[in-house]
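Here's the structure, in structure tokens; my notes come after.
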């Protein structure tokens, strides 16, 4: 039995879909806070179980019979360490034989604001005694392609990365790497640094958007604070805006670039190119 937490989220949904191509649906558990949000995968035969990090009894029932558990990191900034501890403790109690965690690219040396909670979780995983694998995901291409409407409307992509590079890949790429680990062998105690094959700058992104949309879009570089304020003005919660601005500032220092090929190796193919992701995003 393979249990995937956060299975109704964007990454989790891709993991479930990938697992369905490898193992029978009845051997997959989608562990979610709100089971009604996983009705689509339930219709495919996947077991849907409630897993609320604040209700430990739900974690115990969600992990019953689990052989492998994938903890997809929580998106509740500032609360993730406690939430992840609850999941790890439940996995220990269930005596799972493999525990996977989606962390952050080079988490142990990263200066990004996102890093500390990931580092703390990795330390808890190691201390738990569980057989484990750490999947350190890099930046998602969708972070740049899912909200291109304003860029197309105003002819500009805003950011604070200067000419920093992003070795990004799609959520599906990262999800399929997780599937490869969950359905394969020889991954125990491995830490995989996962990143796209080809990195790009935000100027490169603007050029690809211009080409795909057949219009002119430029990259406007701001200071991190200016970018954060702009994101808040667009309606993003202040903590999220701060994280994104910090990520751009980190990218300017090389935090989100990488030349490792772990993702390519796990996928057995090249990662999704920026141009392909942009074409999909603009509908071309």
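Restricted to helices (runs of 4 or more DSSP H) entirely inside the range 180-259, those with at least 3 residues that are closer than 29 Å to residue 15 by Cα and more than 18 Å from the chain's Cα centre (by Cα) are 202-213. Which condition number does residue 128 fail, the rest of (1) under 30 Å from residue 278 (Cα atoms); (2) touching a strand residue (DSSP E or B) at 6+ places or on another chain (Cβ under 8 Å) being met? With respect to (1) under 30 Å from residue 278 (Cα atoms); (2) touching a strand residue (DSSP E or B) at 6+ places or on another chain (Cβ under 8 Å), residue 128 is out only on (1).
Would the range 2-15 turn up any residue that is surrounded by fewer than 24 Cβ atoms within 10 Å (Cβ to Cβ) and more than 22 Å from the chain's Cα centre (by Cα)? Among the residues of the range 2-15, not one is surrounded by fewer than 24 Cβ atoms within 10 Å (Cβ to Cβ) and more than 22 Å from the chain's Cα centre (by Cα), which makes the answer no.
Here the strands (runs of 3 or more DSSP E) wholly within the range 64-165 that include at least 2 residues being over 20 Å from the mean Cα position of the chain (by Cα) are 156-159. From the list 32, 46, the one residue that fits, being in contact with a helix residue (DSSP H, G or I) (Cβ under 8 Å, 6 or more places away or on another chain), closer than 22 Å to residue 125 by Cα and surrounded by 21 or more Cβ atoms within 10 Å (Cβ to Cβ), is 32.
Flag set for residue 160, criterion: in contact with a strand residue (DSSP E or B) (Cβ under 7 Å, 6 or more places away or on another chain), surrounded by 24 or more Cβ atoms within 10 Å (Cβ to Cβ), under 20 Å from residue 256 (Cα atoms) and at pLDDT 95 or above.
The values are calculated or read from the model by the stated rules, or taken from the named source; none is laboratory data. Just so you know, these numbers come straight off a predicted model, no measurement behind them. So basically every Cβ, Gly included, is an ideal-geometry build from the backbone, and we count neighbours across all protein chains shown.
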